[in-house]
Amino acid sequence: MNTLIYVHDPMCSWCWAFASGWEKIRSELPEGVEVKTLIGGLAPDSDQPMPQDMQQFLAQTWRRIEESVPGTVFNHGFWTDCQPRRSTWPACRAVCAAETLHSGAGQAMTTAIQKAYYTAARNPSDVETLLDLAESIALDKKEFEALINSDENRAEHRRQMEEAQSLGVDSYPTLLLQTGQQIGRLPLDYNNADATLKAIRSVIDVA
């Protein structure tokens, strides 16, 4: 069995830039390739406002992505409409909790978080936002609220982060392909998902 491993953080702006490519890759994977997702974690829980220099850096990153990955859109009103915090772990736990409650809901939650954050200027660092998003993807809001910050769910997020680290992943998004006991990193072209699909087919054909 061959396994495609995708490591991401739902509040990673480059993961948002890769969203359409990731969708295409999943839909056109060769037969016999399983998909496994791992949640990373850019920034731990914090209730402190994001420093201005970090806000400026991220705002510039958004503009750079818009220029280099045509079709990727950001709502820059986020920086004035919300109180940004450097805290992505709540959103990461939301993805873990969604997948626990319903197989496949982790991807749906990732998409909901990305659209809320990047296009609707909503703050996924806030649990209230995440509860609304859970409800929007047809999860039971009370069950989700009980699970998201539970010891069980925190442990699952920590397990996934540690697994990603053990694979040498230190940035997001990252794609790895496991064939037997061998694991290799795949190229990411944000404007050409076919390049990644070609690399996958090449490795599988050799294996």
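The values are calculated or read from the model by the stated rules, or taken from the named source; none is laboratory data. Small disclaimer: the values here were computed from a predicted structure and weren't measured. For neighbour counting, all protein chains shown are included, and Cβ atoms are generated from backbone atoms with ideal geometry for every residue, glycine included.
Pull up the range 151-170, narrow it to residues that are in contact (Cβ under 8 Å) with a residue 24 or more places away in the chain and assigned to a loop (DSSP other than H, G, I, E, B), then point me to the one that is farthest from Trp16 (Cα to Cα).
Leu167
Inspect the range 165-180 for any residue being surrounded by fewer than 17 Cβ atoms within 10 Å (Cβ to Cβ) and touching a helix residue (DSSP H, G or I) at 6+ places or on another chain (Cβ under 7 Å) and give the result as yes or no.
Of the range 165-180, the ones surrounded by fewer than 17 Cβ atoms within 10 Å (Cβ to Cβ) are 165-168, 170-171, 179-180.
So of that shortlist, the ones also touching a helix residue (DSSP H, G or I) at 6+ places or on another chain (Cβ under 7 Å) come out as 179.
Yes, the range 165-180 contains at least one residue that is surrounded by fewer than 17 Cβ atoms within 10 Å (Cβ to Cβ) and touching a helix residue (DSSP H, G or I) at 6+ places or on another chain (Cβ under 7 Å).
Would you check which residues across the range 134-150 are among the β-branched types (Val, Ile, Thr) and part of a loop (DSSP other than H, G, I, E, B) and list them?
Taking the range 134-150 first, the residues among the β-branched types (Val, Ile, Thr) are 137, 148.
Once the filter is applied, which keeps residues that are among the β-branched types (Val, Ile, Thr) and part of a loop (DSSP other than H, G, I, E, B), the range 134-150 yields only Ile137.
Answer with yes or no whether Leu177 is on the phi < 0 side of the Ramachandran plot and not in a helix (DSSP H, G or I). So that I can check it myself, show each step before the final result.
Working: on the phi < 0 side of the Ramachandran plot: yes; not in a helix (DSSP H, G or I): yes.
When the stated conditions are applied, Leu177 passes them.
Please go through the range 183-207 and give me each residue that is assigned to a strand (DSSP E or B) and free of Cβ contacts under 8 Å to residues at least 24 places away in the same chain, ordered by number.
Of the residues in the range 183-207, the ones assigned to a strand (DSSP E or B) are 183-185.
Gly184, Arg185 - these are the residues of the range 183-207 that are assigned to a strand (DSSP E or B) and free of Cβ contacts under 8 Å to residues at least 24 places away in the same chain.
Looking only at residues that are charged (D, E, K, R) and farther than 16 Å from Phe78 by Cα in the range 31-64, which one is nearest to the chain's Cα centre (by Cα)?
Initial filter on the range 31-64 (charged (D, E, K, R)): 31, 34, 36, 45, 47, 53, 63-64.
Checking which are farther than 16 Å from Phe78 by Cα leaves us with 31, 34, 36, 45, 47, 64.
Working: Glu31: 24, Glu34: 18, Lys36: 13, Asp45: 17, Asp47: 21, Arg64: 19 Å.
Ranking the qualifying residues of the range 31-64, first place goes to Lys36.
For residues that are crowded, with 19+ Cβ neighbours inside 10 Å and either farther than 24 Å from Ser202 by Cα or more than 19 Å from the chain's Cα centre (by Cα) (or both), tally how many sit in the range 16-30.
2
Residue check: is Ala193 touching a Gly at 6+ places or on another chain (Cβ under 6 Å) and closer than 20 Å to Leu38 by Cβ? Give the derivation first.
Working: touching a Gly at 6+ places or on another chain (Cβ under 6 Å): yes; closer than 20 Å to Leu38 by Cβ: yes.
Spelling it out, Ala193 is indeed touching a Gly at 6+ places or on another chain (Cβ under 6 Å) and closer than 20 Å to Leu38 by Cβ.
Among the residues of the range 131-140, is there at least one that is aliphatic (A, V, I, L, M) and under 15 Å from Thr37 (Cα atoms)? Even if it seems obvious, please write down each step before you answer.
Of the residues in the range 131-140, the ones aliphatic (A, V, I, L, M) are 131, 133-134, 137-139.
Next, only the ones that are under 15 Å from Thr37 (Cα atoms) stay: none.
No, the conditions are met nowhere in the range 131-140.
It is to be established whether one or more residues within the range 45-67 are within 28 Å of Ala138 (Cβ to Cβ) and either loosely packed, with under 15 Cβ neighbours inside 10 Å or modelled with pLDDT of 95 or more (or both).
Checked against the condition, which is being within 28 Å of Ala138 (Cβ to Cβ) and either loosely packed, with under 15 Cβ neighbours inside 10 Å or modelled with pLDDT of 95 or more (or both), the range 45-67 yields at least one hit.
Give me the residue from the range 138-164 that is surrounded by fewer than 18 Cβ atoms within 10 Å (Cβ to Cβ) and of a type in the set (A, V, I, L, M) and, out of that set, nearest to Pro30 (Cα to Cα).
Restricting to residues being surrounded by fewer than 18 Cβ atoms within 10 Å (Cβ to Cβ) and of a type in the set (A, V, I, L, M), the top hit is Ala138.
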